[in-house]
1. Taking only protein heavy atoms and a 1.4 Å probe, what accessible area per residue, in Å², does the chain have with all protein chains in place?
2. For the chain, with a Gaussian network of springs between Cα atoms less than 10 Å apart, report the residue from R201, R276, R37 with the top mean-square fluctuation.
3. For segment 177-302, which whole-number percentage of the solvent-accessible area (1.4 Å probe, protein heavy atoms only) is attributable to carbon and sulfur atoms?
4. For the charge dipole of segment 177-302, defined by +1 on Lys and Arg C-beta atoms and -1 on Asp and Glu C-beta atoms about the Cα centroid, which residue among T253, V224, N212 has the Cα displaced farthest towards the positive pole?
5. Using unit Cβ charges (K, R positive; D, E negative) and no other charged atoms, how large, in debye to the nearest 20, is the dipole of the chain about its Cα centre?
6. Compute the separation of the alpha-carbon centres of segment 119-180 and segment 183-198 and state it in Å as a whole number.
7. Hey, what do the phi angles of segment 141-154 turn into as Karplus ³J(HN,Hα) couplings, whole Hz, using 6.51/-1.76/1.60 and θ = phi - 60°, x for Gly and Pro?
8. Once the Cα atoms of helix 177-198 and of the chain are each reduced to a long axis, what angle between those two axes, in degrees from 0 to 90 to the nearest 10, is obtained?
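The values are calculated or read from the model by the stated rules, or taken from the named source; none is laboratory data. Computed from a predicted structure; not experimentally measured. As a convention, Cβ positions derive from the backbone with ideal geometry for all residues, glycine included, and neighbour counts pool all protein chains shown. Side chains are part of the model used for accessible areas, which takes the heavy atoms of the whole protein and leaves out ligands, DNA and RNA. Shrake-Rupley method; radii C 1.70, N 1.55, O 1.52, S 1.80 Å.
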Amino acid sequence: MDSSRQREAFSTDVLQAAPYPVAIIGAGALGLSLASRLIRSGPVALVASNADAAQRLRAGVRVGAVVERFDGFAAPRLPRADWVVVVVKAGGTRDALRSALAMRPRGVLSLQNGLLDLEPAGTGTCVAQGVTTMGAFRTDEGVMPVSDGETLMPQGFEPLAALFQQAGLPARIEVAMQAARLAKLLVNVVLNPLTAVFRVRTGELLAAPYMNHVEALVAEAWPVLRAAGLMLEFDEARAKVWSVVRSTADNRTSMLQDVLAGRRTEREAITGAFLRLADGNGAAVPTHRALHTLLGQIDADRC
Ligand SMILES: NC(=O)c1ccc[n+]([C@@H]2O[C@H](COP(=O)([O-])OP(=O)(O)OC[C@H]3O[C@@H](n4cnc5c(N)ncnc54)[C@H](OP(=O)(O)O)[C@@H]3O)[C@@H](O)[C@H]2O)c1
(Lines give C-alpha, C1' and ligand atoms only; values in the text may rest on other atoms or scores of the structure.)
Protein backbone atom coordinates (compact mmCIF):
# COMPACT_ATOMS: atom_id res chain seq x y z
CA MET A 1 0.00 0.00 0.00
CA ASP A 2 0.64 3.13 -0.14
CA SER A 3 1.34 3.45 3.44
CA SER A 4 -0.90 6.47 4.11
CA ARG A 5 -3.85 4.56 2.81
CA GLN A 6 -2.83 1.48 4.76
CA ARG A 7 -2.63 3.48 7.97
CA GLU A 8 -6.08 4.88 7.31
CA ALA A 9 -7.47 1.42 6.63
CA PHE A 10 -6.08 -0.13 9.78
CA SER A 11 -6.52 2.74 12.22
CA THR A 12 -10.23 3.14 11.54
CA ASP A 13 -13.06 0.84 10.61
CA VAL A 14 -11.87 -0.37 7.22
CA LEU A 15 -15.42 -0.33 5.91
CA GLN A 16 -15.57 3.42 6.47
CA ALA A 17 -12.56 4.22 4.24
CA ALA A 18 -13.00 5.23 0.59
CA PRO A 19 -13.71 2.17 -1.56
CA TYR A 20 -10.93 0.64 -3.58
CA PRO A 21 -11.72 0.69 -7.31
CA VAL A 22 -10.97 -3.04 -7.37
CA ALA A 23 -10.30 -5.86 -4.91
CA ILE A 24 -8.97 -9.32 -5.67
CA ILE A 25 -9.82 -12.30 -3.51
CA GLY A 26 -7.18 -15.01 -3.67
CA ALA A 27 -3.49 -14.11 -3.51
CA GLY A 28 -2.28 -17.16 -5.42
CA ALA A 29 -0.78 -17.55 -8.88
CA LEU A 30 -3.52 -15.72 -10.77
CA GLY A 31 -4.46 -13.22 -8.02
CA LEU A 32 -0.91 -12.00 -7.46
CA SER A 33 -0.23 -11.77 -11.20
CA LEU A 34 -3.43 -9.80 -11.72
CA ALA A 35 -2.81 -7.53 -8.74
CA SER A 36 0.76 -6.79 -9.81
CA ARG A 37 -0.59 -5.50 -13.13
CA LEU A 38 -3.61 -3.60 -11.79
CA ILE A 39 -1.60 -1.69 -9.14
CA ARG A 40 0.24 0.03 -11.99
CA SER A 41 -2.84 2.09 -12.73
CA GLY A 42 -4.55 2.42 -9.32
CA PRO A 43 -5.08 1.06 -5.81
CA VAL A 44 -5.92 -2.62 -5.46
CA ALA A 45 -7.02 -4.44 -2.32
CA LEU A 46 -5.66 -8.00 -2.26
CA VAL A 47 -7.52 -10.36 0.05
CA ALA A 48 -5.60 -13.36 1.39
CA SER A 49 -6.92 -16.44 3.16
CA ASN A 50 -5.82 -15.31 6.63
CA ALA A 51 -4.26 -12.40 8.53
CA ASP A 52 -0.71 -13.82 8.43
CA ALA A 53 -0.89 -14.19 4.66
CA ALA A 54 -2.24 -10.63 4.40
CA GLN A 55 0.72 -9.40 6.44
CA ARG A 56 3.11 -11.21 4.06
CA LEU A 57 1.46 -9.41 1.14
CA ARG A 58 2.10 -6.07 2.84
CA ALA A 59 5.73 -7.03 3.52
CA GLY A 60 6.35 -8.01 -0.09
CA VAL A 61 5.94 -11.04 -2.35
CA ARG A 62 7.91 -12.06 -5.41
CA VAL A 63 5.95 -11.79 -8.64
CA GLY A 64 8.15 -12.72 -11.58
CA ALA A 65 11.45 -10.90 -11.19
CA VAL A 66 10.30 -8.25 -8.70
CA VAL A 67 9.14 -8.13 -5.10
CA GLU A 68 5.84 -6.26 -4.87
CA ARG A 69 4.16 -4.88 -1.76
CA PHE A 70 0.38 -5.12 -1.78
CA ASP A 71 -2.51 -3.70 0.21
CA GLY A 72 -3.14 -7.03 1.90
CA PHE A 73 -6.32 -7.80 3.80
CA ALA A 74 -8.09 -10.83 5.22
CA ALA A 75 -11.62 -11.47 6.45
CA PRO A 76 -13.22 -10.20 8.56
CA ARG A 77 -11.30 -6.91 8.26
CA LEU A 78 -12.07 -6.02 4.69
CA PRO A 79 -12.19 -2.67 2.91
CA ARG A 80 -14.99 -1.51 0.65
CA ALA A 81 -14.42 -2.04 -3.07
CA ASP A 82 -16.33 -1.05 -6.18
CA TRP A 83 -15.51 -4.25 -8.06
CA VAL A 84 -14.29 -7.60 -6.71
CA VAL A 85 -12.50 -10.30 -8.71
CA VAL A 86 -12.56 -13.81 -7.22
CA VAL A 87 -9.58 -16.04 -8.04
CA VAL A 88 -9.54 -18.72 -5.37
CA LYS A 89 -9.62 -22.42 -6.22
CA ALA A 90 -13.16 -23.75 -6.65
CA GLY A 91 -13.29 -25.30 -3.18
CA GLY A 92 -12.89 -21.85 -1.59
CA THR A 93 -15.64 -20.18 -3.59
CA ARG A 94 -18.29 -19.96 -0.88
CA ASP A 95 -16.04 -18.20 1.65
CA ALA A 96 -14.60 -15.95 -1.04
CA LEU A 97 -18.07 -14.87 -2.15
CA ARG A 98 -19.00 -14.07 1.45
CA SER A 99 -15.93 -11.83 1.67
CA ALA A 100 -16.67 -10.30 -1.72
CA LEU A 101 -20.20 -9.30 -0.77
CA ALA A 102 -18.98 -7.88 2.56
CA MET A 103 -17.04 -5.30 0.56
CA ARG A 104 -20.35 -3.92 -0.77
CA PRO A 105 -19.24 -3.91 -4.39
CA ARG A 106 -21.15 -2.99 -7.53
CA GLY A 107 -20.18 -6.34 -9.02
CA VAL A 108 -18.29 -9.56 -8.31
CA LEU A 109 -16.52 -11.33 -11.16
CA SER A 110 -15.22 -14.87 -10.79
CA LEU A 111 -12.35 -15.72 -13.11
CA GLN A 112 -12.13 -19.26 -11.76
CA ASN A 113 -12.01 -22.29 -13.99
CA GLY A 114 -14.89 -24.71 -14.22
CA LEU A 115 -18.58 -24.04 -14.40
CA LEU A 116 -19.60 -22.46 -11.12
CA ASP A 117 -23.09 -21.86 -9.85
CA LEU A 118 -22.65 -18.45 -8.25
CA GLU A 119 -25.55 -17.49 -6.04
CA PRO A 120 -26.10 -13.72 -5.92
CA ALA A 121 -27.59 -14.23 -2.44
CA GLY A 122 -30.29 -11.64 -3.04
CA THR A 123 -28.01 -8.70 -2.31
CA GLY A 124 -28.65 -6.84 -5.54
CA THR A 125 -24.95 -7.17 -6.36
CA CYS A 126 -24.17 -8.53 -9.81
CA VAL A 127 -22.23 -11.79 -9.38
CA ALA A 128 -21.00 -13.48 -12.56
CA GLN A 129 -18.35 -15.75 -13.99
CA GLY A 130 -16.01 -14.48 -16.67
CA VAL A 131 -13.25 -16.28 -18.50
CA THR A 132 -9.54 -15.59 -18.60
CA THR A 133 -6.68 -17.12 -20.52
CA MET A 134 -4.17 -15.31 -18.33
CA GLY A 135 -1.57 -17.77 -17.12
CA ALA A 136 0.60 -17.99 -13.99
CA PHE A 137 2.04 -20.59 -11.66
CA ARG A 138 3.34 -20.71 -8.12
CA THR A 139 7.06 -20.97 -7.47
CA ASP A 140 8.99 -21.66 -4.26
CA GLU A 141 9.45 -17.92 -3.75
CA GLY A 142 6.18 -16.50 -5.05
CA VAL A 143 4.46 -16.64 -8.40
CA MET A 144 5.50 -16.50 -12.04
CA PRO A 145 3.16 -14.79 -14.52
CA VAL A 146 3.24 -16.60 -17.87
CA SER A 147 0.91 -14.67 -20.16
CA ASP A 148 -1.61 -11.82 -20.10
CA GLY A 149 -4.02 -13.85 -22.22
CA GLU A 150 -7.41 -12.25 -22.62
CA THR A 151 -10.14 -11.73 -20.05
CA LEU A 152 -13.81 -11.80 -21.04
CA MET A 153 -16.49 -10.28 -18.81
CA PRO A 154 -20.26 -10.23 -19.14
CA GLN A 155 -22.27 -7.10 -19.79
CA GLY A 156 -22.53 -4.89 -16.73
CA PHE A 157 -18.81 -5.14 -15.98
CA GLU A 158 -17.71 -2.38 -18.39
CA PRO A 159 -15.98 -0.27 -15.65
CA LEU A 160 -14.00 -3.31 -14.50
CA ALA A 161 -12.99 -4.12 -18.08
CA ALA A 162 -11.81 -0.51 -18.40
CA LEU A 163 -9.64 -0.90 -15.27
CA PHE A 164 -8.01 -3.98 -16.81
CA GLN A 165 -7.42 -2.13 -20.07
CA GLN A 166 -5.89 0.86 -18.24
CA ALA A 167 -3.42 -1.57 -16.68
CA GLY A 168 -2.55 -2.92 -20.15
CA LEU A 169 -4.40 -6.20 -19.68
CA PRO A 170 -6.39 -7.40 -22.70
CA ALA A 171 -10.02 -7.46 -21.56
CA ARG A 172 -13.40 -7.02 -23.20
CA ILE A 173 -17.10 -7.46 -22.69
CA GLU A 174 -18.44 -10.71 -24.17
CA VAL A 175 -22.15 -10.68 -24.99
CA ALA A 176 -22.25 -14.48 -25.38
CA MET A 177 -20.69 -15.16 -21.99
CA GLN A 178 -22.34 -18.54 -21.43
CA ALA A 179 -20.98 -19.80 -24.76
CA ALA A 180 -17.51 -18.49 -23.85
CA ARG A 181 -17.65 -20.25 -20.46
CA LEU A 182 -18.65 -23.50 -22.19
CA ALA A 183 -15.79 -23.14 -24.70
CA LYS A 184 -13.36 -22.74 -21.79
CA LEU A 185 -14.96 -25.73 -20.06
CA LEU A 186 -14.48 -27.79 -23.23
CA VAL A 187 -10.74 -27.15 -23.15
CA ASN A 188 -10.46 -27.66 -19.39
CA VAL A 189 -12.51 -30.85 -19.30
CA VAL A 190 -10.26 -32.43 -21.94
CA LEU A 191 -6.79 -31.18 -20.97
CA ASN A 192 -6.88 -30.98 -17.18
CA PRO A 193 -8.04 -34.48 -16.11
CA LEU A 194 -5.98 -36.28 -18.75
CA THR A 195 -2.72 -34.50 -17.91
CA ALA A 196 -3.38 -34.77 -14.17
CA VAL A 197 -4.21 -38.47 -14.13
CA PHE A 198 -1.31 -39.44 -16.42
CA ARG A 199 1.03 -36.74 -15.04
CA VAL A 200 2.11 -35.50 -18.44
CA ARG A 201 2.82 -32.05 -19.84
CA THR A 202 0.21 -30.80 -22.27
CA GLY A 203 2.37 -31.37 -25.36
CA GLU A 204 2.46 -35.10 -24.67
CA LEU A 205 -1.22 -35.23 -25.59
CA LEU A 206 -0.15 -34.76 -29.22
CA ALA A 207 1.16 -38.35 -29.37
CA ALA A 208 -0.27 -41.84 -28.79
CA PRO A 209 -1.82 -43.06 -26.63
CA TYR A 210 -3.06 -39.73 -25.26
CA MET A 211 -4.14 -38.27 -28.61
CA ASN A 212 -6.79 -40.98 -28.87
CA HIS A 213 -8.08 -40.08 -25.41
CA VAL A 214 -8.27 -36.41 -26.45
CA GLU A 215 -10.34 -37.36 -29.48
CA ALA A 216 -12.68 -39.50 -27.34
CA LEU A 217 -13.11 -36.73 -24.74
CA VAL A 218 -13.90 -34.12 -27.40
CA ALA A 219 -16.36 -36.43 -29.17
CA GLU A 220 -18.20 -37.08 -25.90
CA ALA A 221 -18.10 -33.48 -24.70
CA TRP A 222 -19.22 -31.66 -27.83
CA PRO A 223 -22.88 -32.78 -28.01
CA VAL A 224 -23.37 -32.09 -24.29
CA LEU A 225 -21.80 -28.63 -24.40
CA ARG A 226 -23.48 -27.78 -27.71
CA ALA A 227 -26.87 -28.56 -26.15
CA ALA A 228 -25.95 -26.30 -23.21
CA GLY A 229 -25.17 -23.34 -25.50
CA LEU A 230 -21.65 -23.86 -26.91
CA MET A 231 -21.45 -21.86 -30.12
CA LEU A 232 -18.88 -24.04 -31.92
CA GLU A 233 -19.51 -26.72 -34.54
CA PHE A 234 -17.81 -30.06 -33.88
CA ASP A 235 -14.86 -29.38 -36.19
CA GLU A 236 -14.34 -25.95 -34.61
CA ALA A 237 -14.48 -27.41 -31.10
CA ARG A 238 -11.98 -30.13 -31.99
CA ALA A 239 -9.66 -27.61 -33.68
CA LYS A 240 -9.87 -25.30 -30.65
CA VAL A 241 -8.80 -28.08 -28.28
CA TRP A 242 -5.86 -29.13 -30.46
CA SER A 243 -4.84 -25.52 -30.93
CA VAL A 244 -4.65 -25.01 -27.15
CA VAL A 245 -2.71 -28.27 -26.79
CA ARG A 246 -0.14 -27.03 -29.31
CA SER A 247 0.08 -23.47 -27.96
CA THR A 248 0.53 -24.64 -24.35
CA ALA A 249 2.61 -27.74 -25.12
CA ASP A 250 5.33 -26.95 -22.55
CA ASN A 251 2.85 -26.20 -19.75
CA ARG A 252 1.68 -28.24 -16.82
CA THR A 253 -2.09 -27.74 -16.52
CA SER A 254 -3.39 -26.33 -13.25
CA MET A 255 -4.86 -29.72 -12.34
CA LEU A 256 -1.51 -31.42 -12.92
CA GLN A 257 0.18 -28.75 -10.78
CA ASP A 258 -2.35 -29.44 -8.02
CA VAL A 259 -1.72 -33.18 -8.18
CA LEU A 260 2.06 -32.75 -8.14
CA ALA A 261 1.82 -30.34 -5.20
CA GLY A 262 -0.49 -32.63 -3.24
CA ARG A 263 -3.38 -30.13 -3.40
CA ARG A 264 -7.00 -31.02 -3.96
CA THR A 265 -7.96 -30.67 -7.65
CA GLU A 266 -10.83 -28.65 -9.14
CA ARG A 267 -12.38 -31.94 -10.25
CA GLU A 268 -15.93 -31.07 -9.22
CA ALA A 269 -15.95 -27.62 -10.82
CA ILE A 270 -14.60 -28.99 -14.11
CA THR A 271 -15.41 -32.65 -14.81
CA GLY A 272 -18.10 -32.80 -12.11
CA ALA A 273 -19.92 -29.81 -13.64
CA PHE A 274 -19.62 -31.38 -17.07
CA LEU A 275 -21.03 -34.71 -15.84
CA ARG A 276 -24.02 -32.90 -14.32
CA LEU A 277 -24.72 -31.35 -17.74
CA ALA A 278 -24.38 -34.78 -19.38
CA ASP A 279 -26.70 -36.39 -16.81
CA GLY A 280 -29.24 -33.65 -17.53
CA ASN A 281 -29.61 -34.74 -21.15
CA GLY A 282 -28.92 -38.46 -20.73
CA ALA A 283 -25.65 -38.44 -22.67
CA ALA A 284 -23.19 -41.32 -22.26
CA VAL A 285 -19.76 -39.89 -21.46
CA PRO A 286 -17.77 -42.92 -20.26
CA THR A 287 -14.29 -41.49 -20.79
CA HIS A 288 -15.06 -38.37 -18.76
CA ARG A 289 -16.71 -40.49 -16.08
CA ALA A 290 -13.64 -42.74 -15.82
CA LEU A 291 -11.32 -39.73 -15.41
CA HIS A 292 -13.67 -38.26 -12.80
CA THR A 293 -13.43 -41.49 -10.81
CA LEU A 294 -9.64 -41.63 -11.10
CA LEU A 295 -9.32 -37.99 -10.02
CA GLY A 296 -11.59 -38.74 -7.08
CA GLN A 297 -9.16 -41.45 -5.97
CA ILE A 298 -6.20 -39.09 -6.34
CA ASP A 299 -8.02 -36.41 -4.31
CA ALA A 300 -9.05 -38.93 -1.65
CA ASP A 301 -5.45 -40.03 -1.20
CA ARG A 302 -4.59 -36.43 -0.33
CA CYS A 303 -7.29 -35.78 2.26
N1 LIG B 1 -3.10 -19.99 -12.49
C2 LIG B 1 -3.59 -19.81 -13.71
O3 LIG B 1 -2.84 -19.67 -14.69
C4 LIG B 1 -5.08 -19.74 -13.94
C5 LIG B 1 -5.55 -19.33 -15.21
C6 LIG B 1 -6.93 -19.24 -15.42
C7 LIG B 1 -7.80 -19.57 -14.40
N8 LIG B 1 -7.30 -19.98 -13.20
C9 LIG B 1 -8.26 -20.30 -12.16
O10 LIG B 1 -8.18 -19.28 -11.17
C11 LIG B 1 -8.44 -19.85 -9.87
C12 LIG B 1 -7.23 -19.59 -8.98
O13 LIG B 1 -6.14 -20.28 -9.53
P14 LIG B 1 -4.65 -20.08 -8.98
O15 LIG B 1 -3.78 -20.87 -9.89
O16 LIG B 1 -4.36 -18.65 -8.76
O17 LIG B 1 -4.78 -20.83 -7.56
P18 LIG B 1 -3.80 -20.73 -6.30
O19 LIG B 1 -2.42 -20.39 -6.73
O20 LIG B 1 -4.04 -21.96 -5.51
O21 LIG B 1 -4.36 -19.47 -5.49
C22 LIG B 1 -5.59 -19.46 -4.82
C23 LIG B 1 -5.41 -18.56 -3.61
O24 LIG B 1 -6.68 -18.34 -3.00
C25 LIG B 1 -6.47 -18.33 -1.60
N26 LIG B 1 -7.77 -18.49 -0.93
C27 LIG B 1 -8.49 -19.62 -0.76
N28 LIG B 1 -9.64 -19.33 -0.10
C29 LIG B 1 -9.64 -17.99 0.12
C30 LIG B 1 -10.55 -17.09 0.74
N31 LIG B 1 -11.73 -17.50 1.23
N32 LIG B 1 -10.22 -15.78 0.82
C33 LIG B 1 -9.05 -15.34 0.32
N34 LIG B 1 -8.15 -16.15 -0.29
C35 LIG B 1 -8.44 -17.46 -0.39
C36 LIG B 1 -5.47 -19.43 -1.37
O37 LIG B 1 -4.87 -19.29 -0.11
P38 LIG B 1 -4.29 -20.61 0.65
O39 LIG B 1 -3.22 -21.14 -0.24
O40 LIG B 1 -3.81 -20.04 1.95
O41 LIG B 1 -5.45 -21.53 0.78
C42 LIG B 1 -4.50 -19.15 -2.52
O43 LIG B 1 -3.54 -18.19 -2.16
C44 LIG B 1 -8.72 -21.33 -10.12
O45 LIG B 1 -10.09 -21.53 -10.30
C46 LIG B 1 -7.99 -21.61 -11.43
O47 LIG B 1 -8.51 -22.72 -12.13
C48 LIG B 1 -5.97 -20.06 -12.94
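1. 45 Å²
2. R276
3. With neighbouring chains kept in place, the figure for segment 177-302 is 54 percent.
4. Checked the options; the winner is T253.
5. 480 debye
6. Using only Cα atoms, the two centres lie 20 Å from each other.
7. Running phi through 6.51 cos²θ - 1.76 cosθ + 1.60 with θ = phi - 60° gives 9, x, 9, 10, x, 10, 8, 6, x, 9, 10, 10, 10, x Hz.
8. With rounding to tens, the tilt is 70 degrees.
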